[in-house]
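Read the structure below first, then the notes.
The values are calculated or read from the model by the stated rules, or taken from the named source; none is laboratory data. For clarity, every value in this text was computed on a predicted model and none was experimentally measured. Using ideal geometry, Cβ is built from the backbone for each residue, glycine included, and neighbour counts are taken over all protein chains shown.
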Amino acid sequence: MFRKFAIAAVTLATVATAAVTVTPNEAHAKNRNRAGAVAAGAIIGLAAGAIIANQARPRYYAPVRCSYRPVTRWDPYYGRYVVVAHQRVCY
């Protein structure tokens, strides 16, 4: 799990560094079209959201199946086995 986190952190740092180096060039160009900045922000946001969601998701656990089985004892009065209780058995 630590390996995944380390890879995600390095990837996020690389993308953030690339975004910071690209941003000043567009700021000095005085271009009114900010589609590149919006696209970079959307890509970084989606990548960060995917990394966080992957780390925060719950793990799958197999469902526990339980049933009740009768516990029987020999009863000499009736001359047969009689149910005296039920035992919960999970597997």
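The table for this structure:
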| item | result |
| --- | --- |
| Filtered residues of region 34-91 (kept if of a type in the set (A, V, I, L, M, F, W, C) and touching a strand residue (DSSP E or B) at 6+ places or on another chain (Cβ under 7 Å)) | VAL64, CYS66, VAL71, TRP74, VAL82, VAL83, VAL84, ALA85, VAL89, CYS90 |
| Count - residues of region 42-91 that are part of a loop (DSSP other than H, G, I, E, B) and modelled with pLDDT of 90 or more | 5 |
| Verdict on PRO63 being surrounded by 10 or more Cβ atoms within 10 Å (Cβ to Cβ), out of contact with any Phe, Trp or Tyr (no Cβ under 8 Å at 6 or more places or on another chain) and either touching a residue at least 12 places away in the same chain (Cβ under 8 Å) or not basic (Lys, Arg) (or both) | no |
